[in-house]
Every structure is written in structure tokens, then in C-alpha cells.
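Take a look at the structure below.
The values are calculated or read from the model by the stated rules, or taken from the named source; none is laboratory data. Computed from a predicted structure; not experimentally measured. Here Cβ is always computed from backbone atoms with ideal geometry, including for glycine, and neighbour counts include all displayed protein chains. Protein only, heavy atoms only, side chains kept; ligands, DNA and RNA dropped before computing areas. Shrake-Rupley method; radii C 1.70, N 1.55, O 1.52, S 1.80 Å.
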Amino acid sequence: MTRQEARERAEEIEPQAQDRRPGVEREMQPPAEFIRDDYRGATSWTGRSRS
């Protein structure tokens with residue numbers, strides 16, 4: 001998905017709100033929507049061990 005396609009898709013999605021904080025994503029109503037399949041997190045920790 002290109003950035004332009006992601007922007008267009010984001011404009012189609014109406015704002016969402018929760019009555020409460022569910023604590024578990026699968027309990028969210030409406031469910032969370034993920035737009036970008038190609039998202040990569042920061043790579044600054046790549047190769048480092050967690051301590």
C-alpha cells in the first residue's frame with residue numbers, strides 16, 4: 001500500500017471511540033483497524049539484547 005493509498009483509506013474511516021478501556025484489543029468495539037501492512041518499527045534496537 002502506498003502512502004497515498006493509506007491516506008485515502010484513512011480518510012474513509014470514521015473516528016472511533018470506546019466507552020471504556022477494554023485492556024484486551026480483541027474486546028474493542030468497534031475493533032481496531034490496521035491500515036499499513038508494510039509498517040516497520042524503529043530499527044535502532046536491531047541486534048541488541050534485552051536486559
*Restricted to region 31-46, and to residues that are among the hydrophobic types (A, V, I, L, M, F, W, C) and modelled with pLDDT under 75, which residue is most open to solvent (accessible area, probe 1.4 Å)?*
PHE34
*Please name all residue pairs, on different chains or six or more residues apart, with Cβ atoms under 6 Å, provided the first residue is in region 13-27 and is open to solvent by 80 Å² or more (accessible area, probe 1.4 Å) and the second residue is modelled with pLDDT of 75 or more and part of a loop (DSSP other than H, G, I, E, B).*
GLN16/PRO30
*Scan region 2-51 for residues that are basic (Lys, Arg) and assigned to a loop (DSSP other than H, G, I, E, B) and report the count.*
6
*When both residues are 6+ apart or on different chains and their Cβ atoms are under 7 Å apart, which pairs have a first residue that lies in region 29-44 and is closer than 21 Å to GLU8 by Cβ, and a second that is open to solvent by less than 70 Å² (accessible area, probe 1.4 Å)?*
GLU33/ILE13; ILE35/ALA6; ILE35/ALA10; ARG36/ALA6
